[in-house]
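Sharing a structure, written as structure tokens. Questions coming.
The values are calculated or read from the model by the stated rules, or taken from the named source; none is laboratory data. Everything numeric here is computed off the predicted structure, so don't read it as measured data. Note that each Cβ is placed from the backbone with ideal geometry, even for glycine, and that neighbours are counted across all protein chains shown.
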Amino acid sequence: MIKTIVIKGFKSIPELTLELGRVNCFIGANGVGKSNILEALGVLGAAANGVVDSESLTRRGVRDGLPRLFKTSFTGTSIRPEIHLSAKGQAGEEYRTSILNPIEKPESAWSFKTEYLRDEKTEILTSGVRSSKNMKPTAGLAALKLVDLPPENLAGKLMQNLQDYAIYSPNTPSLRATVADPQTRIPLGLAGGRLAEAFDELKSVLSSDPDLMDSVLELIDWVVDIDAVSTAGSLLSPSVPRGQRVLKLTDRFMRPGRNTLTAYDASEGALYVLFSAILCLSPTAPMVVAIDNLDQALNPRLAMRLTEKLAYWLRVNDAQRQLLFTTHNPAVLDGLDLSDDEIRLFAVDRNSEGHTSVTRIAPTEKLLEMNKNYPLSRLWMMGHLGALPNV
């Protein structure tokens, strides 16, 4: 699990060090830099995989752009030539890199200025400025070291987690399978594509643990069962696009024979719940994953209940799995158990100079005392947690 990330010179973040937990919630006004934090980790993941270019970034959900849009550029300050990023694990394993791309004549791929990789005991790679003619500057060296590391090596696991990391931003048409997902992955596309197939796979995996599947279905109170079928039959109009598999949801309140819906007709909230559950429970999902705007299409009570489940699903599935997400819905906060140190809430703001700043909302005695009278959602709206727009 990633415990510490360091970001320097990236977009609105001149310098930032974050200590992460298993579940990490970022709140704040629009435009303060919440997504930039998720994207910095995406750029680091591309570097860990050996190349930073448009394809590797969009593959991880990072918004592609010109180098001048990636580099910190505040009024009255010089532009750093490189972006510095690093991640450190629980036992001290670490990967860090500095990458650069000229603003005036940007290259197709960013070049590596420095790289460093170590496990809990030994330095595996230490590279300074890459000046050798035999070294391709746009190809990372740390990624090549993985073939020499045993599977249990912690540095190798950290690198693998960074390589697999992605930022998911689901949208309803992709979840309904009426439009193609621009970034397909296993088990889910970054916009929510392949939902039916992924749920079918998850249901097979959880067949020996019905209680865990029930913990998913209980969030969709009108559903008695969900299946993924290969033919929609009379459930879908012939004019509606469909994938190879189609979700079939059975409504507990409707008459038999007229109580089945597909993802095309079902509540979009149900689809977002299934999407989040798959990312937390599927064995093929990334070990470290981010969801931008978790609360889309969810009513406040469902948003709270889903947030409660996220920590449970991650813990029972694999204690090393990790989730980062952003939200604008105060109700999400009421699903966070801040007494658990692995569940962390971060308030994101921009200071007087425009720099993104992040403060962890720790469960202090004062906060816990206020929380006896008001839920966290109310405390946020009252201004006690910060991260409110100044409008």
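Check whether at least one residue in segment 382-390 is among the polar types (S, T, N, Q) and closer than 25 Å to I13 by Cβ, and report yes or no.
Checked segment 382-390: at least one residue is among the polar types (S, T, N, Q) and closer than 25 Å to I13 by Cβ.
Quick one: which residue in E82, E15, E19, E39 is within 30 Å of M382 (Cα to Cα) and buried (at least 17 other Cβ atoms within 10 Å of the Cβ)?
E39
Looking at segment 164-200, which of its residues are touching a Gly at 6+ places or on another chain (Cβ under 8 Å), touching a residue at least 60 places away in the same chain (Cβ under 8 Å) and either surrounded by 21 or more Cβ atoms within 10 Å (Cβ to Cβ) or basic (K, R) (or both)?
If the condition is that a residue be touching a Gly at 6+ places or on another chain (Cβ under 8 Å), touching a residue at least 60 places away in the same chain (Cβ under 8 Å) and either surrounded by 21 or more Cβ atoms within 10 Å (Cβ to Cβ) or basic (K, R) (or both), then Y165, A166, I167, Y168, P170, L175, A177, L190, A196 are the ones that fit.
Determine whether L271 is of a type in the set (A, V, I, L, M), surrounded by 20 or more Cβ atoms within 10 Å (Cβ to Cβ) and out of contact with any Phe, Trp or Tyr (no Cβ under 9 Å at 6 or more places or on another chain).
Yes: the conditions hold for L271.
Every residue, every condition in (1) of a type outside the set (S, T, N, Q); (2) modelled with pLDDT of 95 or more; (3) closer than 16 Å to G269 by Cα, yes or no:
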site: T184; (1), (2), (3): no, no, no
site: G192; (1), (2), (3): yes, yes, yes
site: V205; (1), (2), (3): yes, no, no
site: D209; (1), (2), (3): yes, no, no
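Please enumerate the residues belonging to segment 284-321 that are of a type in the set (S, T, N, Q), in contact with a Gly (Cβ under 9 Å, 6 or more places away or on another chain) and assigned to a helix (DSSP H, G or I).
Selection gives T307 alone.
Go through L345, L379, L338, L367 for me and flag whichever is within 27 Å of V6 (Cβ to Cβ), surrounded by 14 or more Cβ atoms within 10 Å (Cβ to Cβ) and over 25 Å from the mean Cα position of the chain (by Cα).
Answer to the check: L367.
For segment 322-335, how many residues meet the condition of being more than 12 Å from R22 (Cα to Cα) and either in contact with a Gly (Cβ under 9 Å, 6 or more places away or on another chain) or not in a strand (DSSP E or B) (or both)? Before you say what the answer is, go through the steps one by one.
So in segment 322-335, the residues more than 12 Å from R22 (Cα to Cα) come out as 326-335.
Those still in the list that are either in contact with a Gly (Cβ under 9 Å, 6 or more places away or on another chain) or not in a strand (DSSP E or B) (or both) too: 326, 328-335.
Counting residues in segment 322-335 that are more than 12 Å from R22 (Cα to Cα) and either in contact with a Gly (Cβ under 9 Å, 6 or more places away or on another chain) or not in a strand (DSSP E or B) (or both) gives 9.
Give the residue, chosen from A180, A198, A155, A191, that is over 22 Å from Q322 (Cα atoms) and either assigned to a helix (DSSP H, G or I) or assigned by TED's automatic domain parsing to the domain that holds V246 (or both).
A180
When you go through V273, V240 one by one, which is the residue that is of a type in the set (V, I, T), modelled with pLDDT under 95 and either farther than 26 Å from D318 by Cα or outside the structural domain of L323 (by TED's automatic domain parsing) (or both)?
After ruling out the rest, the residue left standing is V240.
Another one. Cβ-Cβ below 8 Å, separation at least six or inter-chain, first residue in segment 8-31 and outside the structural domain of T114 (by TED's automatic domain parsing), second assigned to a loop (DSSP other than H, G, I, E, B) and among the basic types (K, R): which pairs?
Partner pairs satisfying both residue conditions: none exist.
A297 fails exactly one of the following numbered conditions: (1) closer than 19 Å to R176 by Cα; (2) surrounded by 22 or more Cβ atoms within 10 Å (Cβ to Cβ); (3) among the small types (G, A, S). What is the number of that condition?
Checking A297 against (1) closer than 19 Å to R176 by Cα; (2) surrounded by 22 or more Cβ atoms within 10 Å (Cβ to Cβ); (3) among the small types (G, A, S), the one that fails is (2).
Continuing with this model, one more query. Test G45 against the criterion of being over 13 Å from the mean Cα position of the chain (by Cα) and either within 20 Å of N101 (Cβ to Cβ) or of a type in the set (S, T, N, Q) (or both), and give yes or no.
No: the conditions fail for G45.
OK, next. Among the residues of segment 348-358, count how many are among the hydroxyl-bearing types (S, T, Y) and exposed (fewer than 14 other Cβ atoms within 10 Å of the Cβ).
1
Now for a different question. Among the numbered criteria (1) more than 30 Å from L274 (Cα to Cα); (2) basic (K, R); (3) at pLDDT below 95; (4) touching a Leu at 6+ places or on another chain (Cβ under 9 Å), which one does K136 miss?
(4)
Let me ask something else. Among the numbered criteria (1) surrounded by fewer than 20 Cβ atoms within 10 Å (Cβ to Cβ); (2) in contact with a Lys or Arg (Cβ under 6 Å, 6 or more places away or on another chain); (3) under 22 Å from W110 (Cβ atoms), which one does T4 miss?
(3)
Taking the stated definitions as given, is R118 among the basic types (K, R) and either at positive phi or surrounded by 21 or more Cβ atoms within 10 Å (Cβ to Cβ) (or both)?
No, not satisfied.
Would segment 343-365 turn up any residue that is farther than 18 Å from G33 by Cα, part of a helix (DSSP H, G or I) and modelled with pLDDT of 95 or more?
To start, the set of residues in segment 343-365 that are farther than 18 Å from G33 by Cα comprises 343, 362-365.
Okay, now just the ones that are also part of a helix (DSSP H, G or I), so 365.
Filter once more, keeping what is modelled with pLDDT of 95 or more: none.
No, segment 343-365 has no match at all.
From the residues in segment 85-110 that are free of Cβ contacts under 8 Å to residues at least 24 places away in the same chain and surrounded by 13 or more Cβ atoms within 10 Å (Cβ to Cβ), which one is farthest from the chain's Cα centre (by Cα)?
Here the residue is L100.
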